[in-house]
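What follows draws every value from the coordinates through simple rules; no lab data is involved. Fair warning: this is a prediction, and the values are worked out from it, not measured in the lab. With ideal geometry, Cβ positions are generated from the backbone for all residues, glycine too; neighbour counts draw on all protein chains shown.
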Amino acid sequence: MLATKRTHSAHAFTLLEVMIVIVIIGVLAAITIPSFGGLVNEANKAAFVSDGKSITSAASLYRSREGVFPADASSGDIPVGFESYIDQNMWVNGTPVGGVWDFERDSYGYTSAFGVHFNGTGDTRDDAFMLEVDAIFDGGDLTTGGFREIEDDLRYYFVVAQ
């Protein structure tokens with residue numbers, strides 16, 4: 001009689017092995033996902049400052065060509081005649097930090113200023129968040145410099161001319 005030797009080869013994972021892998025993936029996700037959230041906020045702040053610099057340059061170019069700064073406009077609306085100086089989609093889609101773009105001329109004590117008005121559109125940011133934006137732009141003080149809080153109704157503006 002010949003003896004037959006049986007060998008078992010593993011063709012599948014056991015339930016325990018699958019559960020261990022799922023737990024490991026869950027732990028890794030729990031560690032990394034919060035750091036991505038912080039990166040998104042930082043990217044949005046940087047994009048907002050970059051857009052602000054672009055709009056400031058466009059407003060200055062508008063003034064040099066037209067002799068005046070862009071007109072005052074309602075929150076979210078592009079000032080009349082300013083459409084060809086900026087990316088209209090950027091303006092219409094709102095700011096990277098939430099809220100809508102707003103342009104002011106001869107308002108709030110400024111000759112020309114624009115910024116974000118948190119009017120319920122998108123995320124609403126507080127002073128602490130906007131102080132971090134200001135630190136990127138010009139020093140972290142919302143009462144001085146080129147980026148300021150205007151009034152107490154959630155308006156934060158880049159000052160083009162005083």
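Quick one: what are the phi-derived ³J(HN,Hα) couplings along region 52-61, Karplus 6.51/-1.76/1.60 with θ = phi - 60°, whole Hz, x for glycine and proline?
x, 5, 5, 5, 4, 4, 5, 5, 5, 5
Report the full-extension gain for the segment residue 30 to residue 64: residue separation times 0.36 nm, less the Cα-Cα distance, to one decimal in nm.
Using 0.36 nm per residue and subtracting the Cα-Cα distance, I get 7.0 nm.
Can you tell me the length gained on complete extension of the stretch residue 111 to residue 151, counting 0.36 nm per residue apart and subtracting the Cα distance?
12.8 nm
Output wanted: per-residue J couplings in Hz (rounded whole) for region 109-122, from phi through Karplus 6.51 cos²θ - 1.76 cosθ + 1.60, θ = phi - 60°, x for Gly and Pro.
x, 10, 5, 8, 7, 8, x, 9, 10, 7, 10, x, 8, x
Tell me the mean residue ellipticity at 222 nm calculated for the chain from its helices only (DSSP H runs of n ≥ 4, each -39500 (n - 2.57), averaged over every residue, nearest 500).
-14500 deg cm²/dmol
Please identify every one of the GluC sites (Glu not before Pro) in region 59-162 that sits in a loop by DSSP and has no more than 15 other beta carbons within 10 Å of its own beta carbon.
In loop regions of region 59-162 (DSSP not H, G, I, E or B), the sparsely surrounded GluC sites (Glu not before Pro) are 151.
What FRET efficiency comes out for the pair residue 18/residue 39, r = Cβ-Cβ distance, R0 = 30 Å, nearest 0.05?
The computed FRET efficiency comes out at 0.45.
Could you tell me what fraction of 2.2 N^0.38 Å the Cα radius of gyration of the chain comes to, as a two-decimal ratio?
In units of the globular-protein estimate, the chain measures up at 1.74.
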